[in-house]
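What follows is calculated from the coordinates using simple rules that are stated; it is not laboratory data. Model, not experiment: these values are computed from the prediction. Glycine also receives a Cβ, built like all others from the backbone with ideal geometry; neighbour counts cover every protein chain displayed.
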Amino acid sequence: MNSLASEGLVIDWAEMPTYNTIMAVAVGAGLVGLVWLGRELLRSPGDVVPEGWALSFGVLGLVLTTTGLHMTLTWPLAAGGFPFDNIIFGETSLAFGVLLLAAALYIWFRGAAVLATPGALEHLRKVARPVSVFVLGMGLGLIGIAVAGVKYQLFAAPPEEPISGEFAEWPLVEAIFMSGLIAIVGLGAILFPFALRSIRNGLWTAIGWLWGIAGVVFIAFGALNFFTHIGLIVNTMG
C-alpha cells in the first residue's frame, strides 16, 4: 500500500512487482527488429538469415508474453494505486509478445523455404493479411490509451523517482510524452493492413519511420528506467 507519511511516499513493493523496465526495452527492440527485417526483405532478401530473426523474435516474444500475461491476469500494479497501468502495459505487451512468438515460429520453420522460392515477398504479404486485423485492432487500442493518457494525465512519476520525478509538478509533460510515443506505435499498426495491399508503397516507409523512431525511444527510455525505478524503490521503501 502507498502512504504519504511525513517522510514522503512509502510503497510496499512486495505487493506491487514492477517490470515495465524490461518490457519497454523488449518492445523497443521488437519494433526496431521488425523495421530492420522489413528493410532487408524489401532491399536485399538474399541477406536475410531466418534463424537469426527467429531467435530474436522468440526471445523478445517470450519476455513480453510472460510478463504481459502475468500483469494482465494478476494486476500487480493495482495494489499500488495504478490499476490502469496493468491494461496499458500488460495487455499491450501480451499482444505484441504473442505476435512476435508467432513470427518467430513461422520464420524458424518456414522462413528459409519461403525465401528460396520466387515471389517470396508476395507470399509473405498473403500470410500476414489475416493477422493484420488484430494488429489494426491493437493499433486503435493504442490510440485509445494515448487519448486516455492525456485526458487523465497518466504516466506522471512521483517526486521520489529520479529524473522523471523532476516533472512531478507538471504531470501533463510525461502524459504527453508517453501518450505521443504510444500513439506513434498505434498509428503504424493502423497503417499495417493497408500497407499489405501491395509489397511496395509509401505506407511501408511511413510505418518504418514510425516504428523505428518509437523503438529507439522505447529502448532508451526502458534502459533509463532501470536506474529511475531502482531509485524510486530505494526512496520509497520506508
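For the reader, a short list of remarks on this structure follows.
- You will find that of 57, 84, 96, 134, the residue that is surrounded by 14 or more Cβ atoms within 10 Å (Cβ to Cβ), over 28 Å from residue 175 (Cβ atoms) and touching a residue at least 24 places away in the same chain (Cβ under 8 Å) is 57 and no other.
- Scanning the range 41-54 for residues that are of a type in the set (A, V, I, L, M) and free of Cβ contacts under 8 Å to residues at least 40 places away in the same chain yields one hit, 49.
- Verdict on residue 200 being closer than 24 Å to residue 33 by Cβ, in contact (Cβ under 8 Å) with a residue 12 or more places away in the chain, not in a helix (DSSP H, G or I) and not aliphatic (A, V, I, L, M): yes
- Which listed residue is within 21 Å of the chain's Cα centre (by Cα), without any contact (Cβ under 8 Å) to a residue 40 or more places away in the chain and buried (at least 19 other Cβ atoms within 10 Å of the Cβ), from 189, 195, 206: 195
- Number of the exception - residue 44 against (1) in contact with a helix residue (DSSP H, G or I) (Cβ under 9 Å, 6 or more places away or on another chain); (2) surrounded by fewer than 21 Cβ atoms within 10 Å (Cβ to Cβ); (3) among the hydroxyl-bearing types (Ser, Thr, Tyr): (1)
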